[in-house]
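A quick write-up on the structure given underneath.
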Amino acid sequence: MDSSSPVLSSSSALTAPYYPFAQRLDPDLRQRIGRYLVRLSEAWDVLPSALHIDGVQFMSRDPVAGGGFADIFRGTYHETVVAVKRLRFYTFSDANRRDVQKRLYREALVWRQQNHRHILPFLGIDQNGNSSLVSPWMQHGSVIQYLETLGRETVELLSQVAVGLEYLHEENIVHGDLRGANILIDEMGQARLADFGLSIFADSTRGAFTTSSGAGSTRWMAPELIQPEQFGYDHARRSRPSDVYAFGHVCLEIYTGRPPFVEHKSEPTVITKVLAGERPTRPTRDDCHGRSMPDGLWKLMKLCWAHEPSGRPSAFKLIYGMVRVEQSDRVSSQLVEDSPKKEARALRNSIASWKAFVSDLEDIGGEDSE
């Protein structure tokens, strides 16, 4: 951000949504206010003063992580450990820099208005570095790091991801870059979606398809994002259905700890297979580190991977599907743990429940996907 860019320093209507009472407003009214704020910010090239925070201290001059368009620093803010994401403005051309700045304003405004147990909170923009986004530090790191070190029920974590995604979609927000690296785990072991909307910055850099693992974001991309012309679109546009497609890959990633199409090292090879309608094969117990992927989850993943966007379930239906997967998974565990006398009854109940679940999945479909 140019140091001469104006920032409102006095109280005004621009600061209203950041007071606690805003969360008690009617959702439609709150969204309209939010859209009005975004338009004001873009038109006047300003940000509400409430978005700027002062007193962020860096623990080190060296970043703890980095990607194609930003570096992550660890710091403190009012004795709270925070993560500071500093955009690499030098990677953008002079022609794009102002546009990226406006996008940053927009994403900061949108992020600041979200309040949900499975969404990473946004504290503000560092007053001393206007291209730095500040959020609470997630001590367990990404969901992949968490499962590698501590581990926990994977189905429950996936249900939390589905709930967070449905919240964003209800708020008319498309995540745009859903994958394991952007799902963080808080101190309570709860999943928090991060970096929603920030993929627009990655699109403007040469490192858009680069991650720390070497696996590009293209591996999570729906086919209509790779070749929009094939689907009658004049350009690639992230959408609710493309988020749902990525959720299917997140399920695979969380169970195996590896990115989709890990057997293919070449990104062009992955792109060719995806456009041809090929999808990952079902992982074995060995692939899942000794765990079995539930049949219901695999069926739900295949629905998420429907080639046509309209054929995918909505995020709301993902939640319903994950609830049934959890129920089925719980019954399966009880069959192993229960006494022999209870086993027959549990088996009969699980079979009836499974038949109903399969029938429900057949109806999930994508008729209300947007």
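The values are calculated or read from the model by the stated rules, or taken from the named source; none is laboratory data. Please read these numbers as outputs of a predicted model, since none were measured by experiment. Using ideal geometry, Cβ is built from the backbone for each residue, glycine included, and neighbour counts are taken over all protein chains shown. Ligands, DNA and RNA are excluded from the accessible area calculation, which covers all protein heavy atoms including side chains. Shrake-Rupley method; radii C 1.70, N 1.55, O 1.52, S 1.80 Å.
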Exercise. Has region 52-66 got at least one residue that is buried (at least 17 other Cβ atoms within 10 Å of the Cβ) and either basic (Lys, Arg) or assigned by the TED database to the domain that holds Glu156 (or both)?
Worked result: no
Problem set entry | Among (1) under 15 Å from the mean Cα position of the chain (by Cα); (2) under 22 Å from Arg86 (Cα atoms); (3) open to solvent by 10 Å² or more (accessible area, probe 1.4 Å), the one test that Asn128 misses | (1)
Exercise. Considering region 135-156 alone, what residues qualify as being in contact with a helix residue (DSSP H, G or I) (Cβ under 6 Å, 6 or more places away or on another chain) and in contact (Cβ under 8 Å) with a residue 60 or more places away in the chain?
Worked result: Val143, Ile144, Thr154, Val155
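Quickly run through region 261-296 and pick out the residues that are open to solvent by less than 80 Å² (accessible area, probe 1.4 Å), under 18 Å from Asp329 (Cβ atoms) and in a loop (DSSP other than H, G, I, E, B).
Kept after step one, since they are open to solvent by less than 80 Å² (accessible area, probe 1.4 Å), are these residues of region 261-296: 261-262, 264, 266-267, 269-271, 273-277, 279-280, 283-284, 287-288, 290-294, 296.
Okay, now just the ones that are also under 18 Å from Asp329 (Cβ atoms), so 283-284, 287-288, 290-294, 296.
Those that are open to solvent by less than 80 Å² (accessible area, probe 1.4 Å), under 18 Å from Asp329 (Cβ atoms) and in a loop (DSSP other than H, G, I, E, B): Pro283, Thr284, Asp287, Cys288, Gly290, Arg291, Ser292, Met293, Pro294.
Would you pick out the residues in region 132-169 that are charged (D, E, K, R) and within 23 Å of Tyr105 (Cβ to Cβ)? Talk me through it step by step, then tell me what you get.
Step one: filter region 132-169 for residues charged (D, E, K, R), giving 148, 152-153, 156, 166.
Those that are charged (D, E, K, R) and within 23 Å of Tyr105 (Cβ to Cβ): none in region 132-169.
For Leu104, are the conditions met, namely being farther than 14 Å from Ala50 by Cβ and in a strand (DSSP E or B)?
On the way: farther than 14 Å from Ala50 by Cβ: yes; in a strand (DSSP E or B): no.
For Leu104, the condition - farther than 14 Å from Ala50 by Cβ and in a strand (DSSP E or B) - is not met.
I'd like to know if region 229-236 contains one or more residues that are of a type in the set (A, V, I, L, M, F, W, C), under 30 Å from Glu170 (Cβ atoms), touching a Gly at 6+ places or on another chain (Cβ under 6 Å) and open to solvent by 10 Å² or more (accessible area, probe 1.4 Å). If you could, list the steps in order and put the result at the bottom.
Within region 229-236, the subset of a type in the set (A, V, I, L, M, F, W, C) is 231, 236.
Keeping just the survivors that are under 30 Å from Glu170 (Cβ atoms) gives 231, 236.
From the residues that got through so far, the ones that are touching a Gly at 6+ places or on another chain (Cβ under 6 Å) too are none.
No: region 229-236 contains no residue that is of a type in the set (A, V, I, L, M, F, W, C), under 30 Å from Glu170 (Cβ atoms), touching a Gly at 6+ places or on another chain (Cβ under 6 Å) and open to solvent by 10 Å² or more (accessible area, probe 1.4 Å).
Yes or no, residue by residue, for (1) within 28 Å of Leu168 (Cβ to Cβ); (2) not hydrophobic (A, V, I, L, M, F, W, C):
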{"residue": "Ala246", "(1), (2)": "yes, no"}
{"residue": "Glu263", "(1), (2)": "no, yes"}
{"residue": "Ser266", "(1), (2)": "no, yes"}
{"residue": "Pro280", "(1), (2)": "yes, yes"}
